[in-house]
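The values are calculated or read from the model by the stated rules, or taken from the named source; none is laboratory data. No experiment lies behind these values; they were computed from the predicted model shown. We place every Cβ from the backbone using ideal geometry, glycine too, and count neighbours over all the protein chains shown. Accessible surface areas use protein heavy atoms only, side chains included; no ligands, DNA or RNA. Shrake-Rupley method; radii C 1.70, N 1.55, O 1.52, S 1.80 Å.
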Amino acid sequence: RLFSSASSSTLTHGDAASAHGDGDGVVDVNPPRGTRDFPPEEMRLRTWLFDQFREVSRLMAFEEVDFPVLESEALFIRKAGEEITQQLYNFEDKGGRRVVLRPEITPSLARLVIKQGKSVSLPLKWFTIGQCWRYERMTRGRRREHYQWNMDIFGVPKVRAEAELLQAIVLLFQRLGITSSDVGIRVSSRKVLQAVLNVYSIPEHLFTEVCVIVDKLGKLTREEIEKELMSTGLSSEAVQGIIEVLSLKSLSKLEEVLGSGVEAVADLKKLFSFAEQYGYADWICFDASVVRGLAYYTGIVFEAFDIEGKLRAICGGGRYDRLLSTFGSKDIPACGFGFGDAVIVELLKEKGLLPDMSRQIDDIVFPLDEELEGPASSIASSLRKKGRAVDLVEDKRLKWVFKHAERINASRLILVGNSEWERGMVRVKILSTREEFEIKAGELE
Ligand SMILES: CC(=O)Nc1cnc2ccccc2c1
């Protein structure tokens with residue numbers, strides 16, 4: 001009697017119970033708050049999605065890298081009031097070190113680039129798929145972990161790098177069956193905001209803080225944004241100027257307001273002409289309100305969104321040319337994006353684009369009698385060595401085996417029975433055609 005029938009969510013072990021030290025022997029079978037298990041069906045969907053991420057990374061000639069989920073807290077201490085650094089999943093380890101479960105990937109990438117130093121030749125194009133964490137009061141019931149696909153380019157100062165990243169995002173959407181009428185990518189540059197702050201001669205140090213505040217446009221009301229901007233000390237005319245420019249949706253209007261010599265306008269014009277060459281111009285649009293909420297962006301920023309506007313951003317990224325110097329290193333120009341595993345799945349569900357996630361097996365091998373278990377094992381073994389996925393089934397009635405074959409979409413059912421085995425034969429049933437025949441065991445492949 002391993003598990004009591006007490007209730008679905010608790011296990012009552014025998015002597016193991018006391019091992020849990022809580023005396024009443026009840027462990028909660030649910031994963032920690034805000035985290036997910038991946039049982040087989042969900043894991044097949046996740047594996048399928050991550051395989052799409054990997055395939056696009058391969059097409060773009062990016063190299064895979066990986067990092068510990070555990071990082072020093074120092075890597076993520078930033079003063080700009082970002083949500084992501086106010087929700088650090090941080091703690092002190094048994095050695096008294098301040099550590100975190102990483103909330104994002106980019107700082108780890110920067111750390112490795114610095115560590116690799118002279119031994120890597122630029123440009124670097126790296127990707128990873130990793131779990132990221134946040135600790136927020138469960139009041140909002142939001143998840144505390146998700147997986148992110150990150151693509152980053154180090155050592156390319158010009159917008160050609162951002163154009164490459166945008167192609168990766170569009171390729172991914174196209175592979176999933178998503179079109180430019182389902183999803184758009186809003187593109188802008190933080191240099192737009194920089195130009196506006198210069199007009200009002202606002203000091204440099206406010207730049208990051210203002211970016212984090214205006215990133216909440218669309219989440220907070222205009223009044224709340226104005227209030228937060230005023231609280232940084234900005235004049236009301238500066239606040240109005242910022243909000244007016246950030247609501248521009250046309251590059252030519254922006255040029256009128258800022259003037260044509262402004263770097264932001266030149267960068268964006270170049271990026272939009274690249275988009276024509278790559279063939280994804282219909283996927284992107286200029287939207288000055290895009291600033292993204294991470295403190296370290298310095299140039300082009302972008303985010304993909306569902307055109308119906310029901311979901312949060314699907315992915316986002318931008319240029320971060322000054323991140324390495326915040327870790328005490330020489331700066332290397334860089335840009336990248338993060339693509340989460342949650343919103344995209346919601347979008348695929350909505351669009352009816354989720355792939356069929358049922359199992360698929362090549363062969364089921366089944367001994368009809370107990371003393372044929374040995375021969376069945378050797379048949380299964382030789383088929384596996386030939387690359388066939390084989391489910392060796394035992395201690396089951398034949399009726400169960402036929403149902404099981406349907407359930408796991410087996411291609412063939414191989415029955416090992418006495419009368420055939422005496423003649424060195426086995427019975428093969430092709431499940432798609434119901435065709436049935438005998439074959440020498442040695443000739444199976
Ligand atoms: C929709 C979703 O799961 N978002 C999510 C979940 N967990 C996170 C953890 C860290 C940083 C961002 C995160 C974002």
Fill in the blank from the handout: Expressed in µm² per second, the diffusion coefficient of segment 129-261 from the Stokes-Einstein equation, with Rh the Kirkwood radius over alpha carbon pairs, at 37 °C and 0.692 mPa s, is 182
Fill in the blank from the handout: Mean-square fluctuation maximum in Gaussian network of the chain, Cα pairs under 10 Å, restricted to TRP133, TRP48, TRP283, hits TRP48
Problem - Positive-end extreme of charge dipole, the chain - chosen from LEU354, PHE50, ALA80 (charges on Cβ) - result: ALA80
Handout entry: Accessible area expressed per residue, segment 39-141, with surrounding protein chains retained (probe 1.4 Å, Å²)
Key = 55
Practice task
Mind giving me the nanometre distance, one decimal, between the label points for ARG222 and ASP66, set 7 Å out from Cα along Cα→Cβ?
Solution key: 5.0
Problem - Cα-Cα P(r), segment 386-445, percent of pairs per 10 Å interval - result: 20, 55, 24, 0
Problem - For the chain, calculated [θ]222 nm from helices alone, where every DSSP H run of n ≥ 4 adds -39500 (n - 2.57) - result: -10500 deg cm²/dmol
Practice task
Determine the sum of side-chain charges near ILE202: Lys and Arg each +1, Asp and Glu each -1, restricted to other residues whose C-beta is under 12 angstrom from that of ILE202.
Solution key: -3
Handout entry: For the chain, share of DSSP beta bridges that run antiparallel, in % to the nearest 5
Key = 80
Completion exercise
Each label sits 7 Å from Cα toward the beta-carbon; between VAL27 and VAL345 the label points are separated, in nm, by 2.4
Problem - Per-pair calculated FRET efficiency, R0 = 25 Å: GLU42 and GLN87 via Cβ, rounded to 0.05 - result: 0.50
Fill in the blank from the handout: Non-local residues with an amide H under 5 Å from the amide H of CYS315, with H modelled 1.01 Å from N and Pro and chain starts lacking one, are ALA304
Exercise for the section: Could you work out the per residue convex hull volume over the alpha carbons of segment 87-154, in cubic angstrom? Expected result: 103
Handout entry: Rounded FRET efficiency, nearest 0.05, which uses the C-beta distance separating SER381 from SER273 and R0 of 56 Å
Key = 0.40
Practice task
Tally up the carbon and sulfur contribution to the accessible surface of segment 262-332 as a whole percent, 1.4 Å probe, everything protein left in place.
Solution key: 51
Practice task
Return the FRET efficiency for the residue pair ARG322, VAL428: r is the Cβ-Cβ distance, R0 is 60 Å, and the value is rounded to the nearest 0.05.
Solution key: 0.35
Problem - Per-bin percent of Cα-Cα distances, segment 177-254 [10 Å] - result: 16, 50, 23, 9, 2
Handout entry: Selected from HIS146, HIS205, HIS404 as most flexible by GNM, with the chain as the system and alpha-carbon contacts under 10 Å
Key = HIS404
Exercise for the section: At 1.4 Å probe size, with no ligands or nucleic acids counted, give the accessible surface of ARG384 in Å², nearest ten. Expected result: 120
Practice task
Along each of the three principal axes of the Cα atoms of the chain, give the extent in whole Å, ordering the values from largest to smallest.
Solution key: 93, 60, 47
Handout entry: Separation of the ARG359 and SER235 label points, Cα + 7 Å toward Cβ, nm
Key = 7.1
Completion exercise
Here the membrane-span-like helices of the chain, with no claim about any membrane, defined by DSSP H, Cα axial extent at least 20 Å and mean Kyte-Doolittle at least 1.6, are none
Handout entry: Charge sum, other residues only, whose C-beta stays under 14 Å from PHE327's C-beta, Lys/Arg counted +1 and Asp/Glu -1
Key = +1
Practice task
First select every other residue whose beta carbon is under 11 angstrom from the beta carbon of SER419; then total the charges, Lys and Arg +1, Asp and Glu -1.
Solution key: -2
